[in-house]
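Engineer: Quick one: this structure, given as C-alpha cells, is what I'll be asking you about.
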Amino acid sequence: ATATVSAWDYLENTIIYVYANTGNSFRVPSISERYAHALRPQKFAGDTLLTEYKMMKEIGLKISTRDPDVYPVFSGSMSYFHYGYSNKIKTIQYSGTPLQFPVNDGPAEILGVELNAEVYTFGKRLGFRSIYSLYNFSDQLTFPMQPSHMGRHHVMVNLGPVSARIGIKNE
C-alpha cells in the first residue's frame, strides 16, 4: 500500500512541487535464504525466518525551470526519507569461511537526506550536475556494503560534435 500527497505552484519561470509519500511493503524470504537458514548453527535452531516488513516515509521539494528554452535551465530537489523495518533479515557469516546464513534481526531503520541540482546555460553548452546523499543506519551490519554518504558531481561541456563530462564521485 502506498499513498502520495503533492502540491505545486507556478512562479514566473519556475515550478515548485512539494510532495509526501508513505508506504508499506513486505518481503517473503527467498528460497535460497530458506535453504541457507537451514544450515545455521545449533544456537539458532529454535528460530525461523519471518516475513520482513518495511514502512516508508518521504517528504520533499522539487524546483525546476518552467520554460526549457529560457537559460539558464535548472532543476533541483531536496528530500528526507525514513525506512523502518520489522523482522529485518540479516546475513551472518561463519567466522573464517565463506558460508552465510540469514536470521531475522528485529527492527532496523534507514533515514537520510538527498539533494540534487542541475543547471545548464549557454544553450545547454555548459552544465553542472550534483547529487549528494547522506544516510544514517540503525545497524550498519544489517545493511552491508551501503555507504553512509555519497556525492556525485559532473561538469558537462557540449560544443557541437565534441562533448565532454568530468565527474567526481565520493562514497
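The values are calculated or read from the model by the stated rules, or taken from the named source; none is laboratory data. Owing to the predicted nature of the structure, the values given are computational and were not obtained by experimental measurement. When we count neighbours, we look across all protein chains shown, and the Cβ atoms used for this are built from the backbone with ideal geometry, even at glycine. Surface areas here come from the heavy atoms of the whole protein model, side chains and all, with no ligands, DNA or RNA. Shrake-Rupley method; radii C 1.70, N 1.55, O 1.52, S 1.80 Å.
Engineer: With the condition kept exactly as written, say whether any residue in region 41-63 is touching an Asp or Glu at 6+ places or on another chain (Cβ under 9 Å) and modelled with pLDDT of 95 or more.
Structural biologist: yes
Engineer: So K124 passes all but one of these: (1) within 27 Å of T2 (Cβ to Cβ); (2) among the basic types (K, R); (3) part of a loop (DSSP other than H, G, I, E, B). Which condition number does it fail?
Structural biologist: Answer for K124: the failing condition is (1).
Engineer: Within region 96-121, which residues are part of a loop (DSSP other than H, G, I, E, B) and either open to solvent by less than 90 Å² (accessible area, probe 1.4 Å) or of a type in the set (A, V, I, L, M) (or both)?
Structural biologist: G96, T97, L99, D105, G106, listed by residue number.
Engineer: Follow-up question, since we're still on this one. Exactly one condition in (1) under 30 Å from H154 (Cα atoms); (2) assigned to a loop (DSSP other than H, G, I, E, B); (3) open to solvent by less than 60 Å² (accessible area, probe 1.4 Å); (4) not small (G, A, S) is false for H82; which is it?
Structural biologist: If we test H82 against (1) under 30 Å from H154 (Cα atoms); (2) assigned to a loop (DSSP other than H, G, I, E, B); (3) open to solvent by less than 60 Å² (accessible area, probe 1.4 Å); (4) not small (G, A, S), just (2) comes out false.
Engineer: Any chance you could count how many residues in region 138-171 are of a type in the set (A, V, I, L, M), over 30 Å from I89 (Cβ atoms) and surrounded by fewer than 15 Cβ atoms within 10 Å (Cβ to Cβ)?
Structural biologist: First, pick out the residues of region 138-171 that are of a type in the set (A, V, I, L, M): 141, 145, 150, 155-157, 159, 162, 164, 166, 168.
Filter again for over 30 Å from I89 (Cβ atoms), leaving 155-157, 159, 162, 164, 166, 168.
The next check asks that each one be surrounded by fewer than 15 Cβ atoms within 10 Å (Cβ to Cβ); those that pass are 155, 157, 159, 162, 164, 166, 168.
Residues meeting the conditions: 7.
Engineer: Test of understanding: among V5, V28, which residue is closer than 19 Å to Y83 by Cα, over 19 Å from the mean Cα position of the chain (by Cα) and open to solvent by 90 Å² or more (accessible area, probe 1.4 Å)? So that I can check it myself, show each step before the final result.
Structural biologist: Values: V28 fails: open to solvent by 90 Å² or more (accessible area, probe 1.4 Å).
Just one listed residue meets the conditions, V5.
Engineer: Quick one: is Y135 outside any loop (DSSP other than H, G, I, E, B), open to solvent by less than 60 Å² (accessible area, probe 1.4 Å) and farther than 30 Å from T91 by Cβ? If you could, list the steps in order and put the result at the bottom.
Structural biologist: On the way: outside any loop (DSSP other than H, G, I, E, B): yes; open to solvent by less than 60 Å² (accessible area, probe 1.4 Å): yes; farther than 30 Å from T91 by Cβ: no.
No; evaluated as a whole, the condition is false for this residue.
Engineer: Do you know which of the residues in region 61-79 that are part of a strand (DSSP E or B) and among the β-branched types (V, I, T) is most open to solvent (accessible area, probe 1.4 Å)?
Structural biologist: Once the filter is applied, the top-ranked residue is I63.
Engineer: Restricting to region 85-95, count the residues that are open to solvent by 40 Å² or more (accessible area, probe 1.4 Å) and either part of a loop (DSSP other than H, G, I, E, B) or at positive phi (or both). Give the steps one after another, and end with the answer.
Structural biologist: Just the residues of region 85-95 that are open to solvent by 40 Å² or more (accessible area, probe 1.4 Å), to begin with: 86-87, 91-95.
Restricting the remaining residues to those that are either part of a loop (DSSP other than H, G, I, E, B) or at positive phi (or both) gives 87, 94-95.
Qualifying residue count, region 85-95: 3.
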